[in-house]
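Asks: My structure is below; once you've seen it, I'll send some questions.
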Amino acid sequence: MKLLIADLNLGKGEADVIALASQTGLKVIIDDSKARKVAENMGLKVTGTIGVLMKAERLGLIGSAHDKVRELREKGFYVSEELLEDISRFKKVT
């Protein structure tokens, strides 16, 4: 874990999540782009907040991932306009 924090300059939270996933084989849920790249390079399965919301929509747990992402965006969660449009198209496809 010291390697993840010191050498790769990840936060303790991201390093903990990656370390746990590497030990258990569980999917990593992380939004930080640097941490995602590290996890992917380690061969871990990676998703983020938006991926969780899209899965929740597919499972019928929420009505609209797009609406939830817009709410997050309004509260300061960064989502590009392009990604927001992609999420909107996802709704039309499923």
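Asks: Looking at the structure I just gave you, is LEU83 on the phi < 0 side of the Ramachandran plot and out of contact with any helix residue (DSSP H, G or I) (no Cβ under 8 Å at 6 or more places or on another chain)? Full working, then the answer.
Replies: Details: on the phi < 0 side of the Ramachandran plot: yes; out of contact with any helix residue (DSSP H, G or I) (no Cβ under 8 Å at 6 or more places or on another chain): no.
For LEU83, the condition - on the phi < 0 side of the Ramachandran plot and out of contact with any helix residue (DSSP H, G or I) (no Cβ under 8 Å at 6 or more places or on another chain) - is not met.
Asks: Could you tell me whether LEU59 is hydrophobic (A, V, I, L, M, F, W, C) and exposed (fewer than 11 other Cβ atoms within 10 Å of the Cβ)? Give the derivation first.
Replies: Details: hydrophobic (A, V, I, L, M, F, W, C): yes; exposed (fewer than 11 other Cβ atoms within 10 Å of the Cβ): yes.
Answer is yes for this residue.
Asks: Does at least one position in the range 39-56 carry a residue that is without any contact (Cβ under 8 Å) to a residue 60 or more places away in the chain, out of contact with any strand residue (DSSP E or B) (no Cβ under 9 Å at 6 or more places or on another chain) and among the acidic types (Asp, Glu)?
Replies: Scanning the range 39-56, I find no residue that is without any contact (Cβ under 8 Å) to a residue 60 or more places away in the chain, out of contact with any strand residue (DSSP E or B) (no Cβ under 9 Å at 6 or more places or on another chain) and among the acidic types (Asp, Glu), so the answer is no.
Asks: Could you please find all residues in the range 15-35 being touching a Ser or Thr at 6+ places or on another chain (Cβ under 9 Å) and charged (D, E, K, R)? Can you show your working first?
Replies: We begin by selecting, within the range 15-35, every residue touching a Ser or Thr at 6+ places or on another chain (Cβ under 9 Å); these are 27-31.
Listed by number, the residues that qualify are LYS27, ASP31.
Every number here is computed from the coordinates shown, using simple stated rules; none is lab data. The shown structure was predicted, so the numbers you read here are calculated from the model rather than taken from an experiment. FYI the Cβ positions are ideal-geometry reconstructions off the backbone, even for glycines, and counts take in every protein chain you see.
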